[in-house]
Amino acid sequence: MSFFLLISRGIDRLNQSVGLFTTWLILATTLISAGNAIVRKAFDSSSNALLEIQWYLFAAVFLLGAGYGLLKNSHVRIDFISSMLTPRTRNWIDVGGILLALFPFCAICIYLSWPLFMQAYNTGEMSSNAGGLIRWPVYALVPAGFALLMLQGVSELIKRLDFLLGQGEDVLSSEETMSDEQKELLELEKIAQQQAQGAR
């Protein structure tokens, strides 16, 4: 299992780096958007290329950052229900979700988006707007984003199986990977315990 854990750590590092990169894309998108608004209002001028780069960068943040979101456990979960389950049950649910939902969904999205990207790349497809951008880079974000998400799914599957085999820690109980709702629930439980002890 140690070999697979090395693979898992490598994938985690990759998505951690991509996730940090996407935070800079958010800043770039904000600055470009503000610049566009200022130029439009002050000089009554605008650029289709700069308008389009905003949604290119916006798409990059969400598509390339999806794997990072899974790494940080920030995806949608029903924390109220999952908090009542045992750690083993939570991990088995994750294994099932990764194998039966995440992997097939990512594979289908990659399979369907790859031909669109290749067609745009081979034809040099351009935006229909005057002064617009070439389209294949934004099409490439779709298979790239789902590939990163699928890779992170592999990493999470390795970590879940490592725990279920009794060799590793429960990453779902780690405070670093808890969602905000889980952290709030944990904090409320601590407060309730303190109040119960104080009432005695």
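Quick notes on this one:
Every residue, every condition in (1) open to solvent by 30 Å² or more (accessible area, probe 1.4 Å); (2) out of contact with any strand residue (DSSP E or B) (no Cβ under 7 Å at 6 or more places or on another chain); (3) part of a helix (DSSP H, G or I); (4) in contact (Cβ under 8 Å) with a residue 60 or more places away in the chain, yes or no:
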position	(1), (2), (3), (4)
Leu25	no, yes, yes, no
Leu31	yes, yes, yes, no
Ala34	yes, yes, yes, no
Ala37	yes, yes, yes, no
Leu50	yes, yes, yes, no
Ile53	yes, yes, yes, yes
Phe58	yes, yes, yes, no
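- Condition check for Gly65: over 23 Å from Leu20 (Cα atoms), of a type in the set (Gly, Ala, Ser) and either open to solvent by 60 Å² or more (accessible area, probe 1.4 Å) or at pLDDT 90 or above (or both): no
- Scanning segment 79-127 for residues that are assigned to a loop (DSSP other than H, G, I, E, B) and under 25 Å from Leu148 (Cβ atoms) yields a single hit, Glu125.
- Pairs linking a residue in segment 128-141 that is surrounded by 15 or more Cβ atoms within 10 Å (Cβ to Cβ) and modelled with pLDDT of 90 or more to a residue that is part of a helix (DSSP H, G or I) and charged (D, E, K, R), with Cβ atoms under 9 Å and 6 or more positions apart or on different chains, are Val138/Glu52.
- Matching residues in segment 81-111 - criterion: being aromatic (Phe, Trp, Tyr) and either more than 27 Å from Glu189 (Cα to Cα) or open to solvent by less than 40 Å² (accessible area, probe 1.4 Å) (or both): Phe103, Phe105, Tyr111
The values are calculated or read from the model by the stated rules, or taken from the named source; none is laboratory data. Fair warning: this is a prediction, and the values are worked out from it, not measured in the lab. Methodologically, a virtual Cβ is constructed for each residue, glycine included, from the backbone with ideal geometry; neighbour enumeration extends over all protein chains shown. Protein only, heavy atoms only, side chains kept; ligands, DNA and RNA dropped before computing areas. Shrake-Rupley method; radii C 1.70, N 1.55, O 1.52, S 1.80 Å.
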